[in-house]
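Each value in this text was obtained by applying a stated rule to the coordinates, not by laboratory testing. Since the structure is predicted, the reported quantities are computational estimates derived from the model, not experimental observations. Note that each Cβ is placed from the backbone with ideal geometry, even for glycine, and that neighbours are counted across all protein chains shown.
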Amino acid sequence: MFAKSISGLCLLALAVVSSPLTAAELKVGDKAPQFSLKGEGADTINLTDFKGKKLVLSFNRANWCPFCMKQVVDLQKNYDAIKEQGAEVLIIWREEATGSDGLKKIRDRTKATMPFALDLEAAQTGVYSTEGFDTYVIDEQGNIAAVLDGTKKERAMSDAILEELKND
């Protein structure tokens, strides 16, 4: 009995130690995890593409999500102000199964001009936000400067993002 308990505890400890980093574990000051994603068309977007500038990294679902569209419209409305703070915005879509066609639909509906990328099922960026609602501000050196929590219905809007960019 004792040997079974010890074996079970060892397996549990091994599972905890070897489990991937979760979004809750990413915090201000951490190095932002790298990714390489399909952008629109044949473009590939890498985190390293933004080295030397601040990056607002937001995660959304798909063109059918009204809460996602609300955030994109708000970010576009304030995109110039965000860029004036030395930052770029990248929105990663996690459930846009129609790929580039869906991204085009989002652009048409929101008039968004910031870059979009696809990461279906959070295959490469799940470490940031497994559910896809948080927003991160990454500094010029590639470190996480702020984590803005989000929920299915409430995403970080540009007022909170601009406040974080001014504090950075």
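Evaluate E = 1/(1 + (r/R0)^6) for Lys152 and Lys27, where r is the Cβ-Cβ distance and R0 equals 22 Å; express this FRET efficiency to the nearest 0.05.
Efficiency, from the Cβ-Cβ distance: 0.45.
Where the only charges are on Cβ atoms (+1 Lys, Arg; -1 Asp, Glu), what is the dipole of the range 21-167 about its Cα centre, to the nearest 20 debye?
320 debye
Along the charge dipole of the range 21-167, pointing to its positive end and built from +1/-1 on Cβ of Lys, Arg, Asp and Glu, which listed residue (Ile45, Val72, Val56) has its Cα farthest out?
In the range 21-167, that residue is Val72.
Hey, with R₀ at 30 Å, roughly what FRET efficiency would Ala123 and Asn167 work out to, going by the Cβ-Cβ distance, to 0.05?
0.40
Going 7 Å from the Cα of Lys104 along its beta-carbon direction, which residues of the range 48-82 have the amide nitrogen within less than 17 Å of the resulting point?
Inside the label zone: 63-64.
Near the amide H of Glu40, under 5 Å away, which other amide H atoms are found, from residues 5 or more places off or on another chain, if H is placed in the peptide plane?
Phe116
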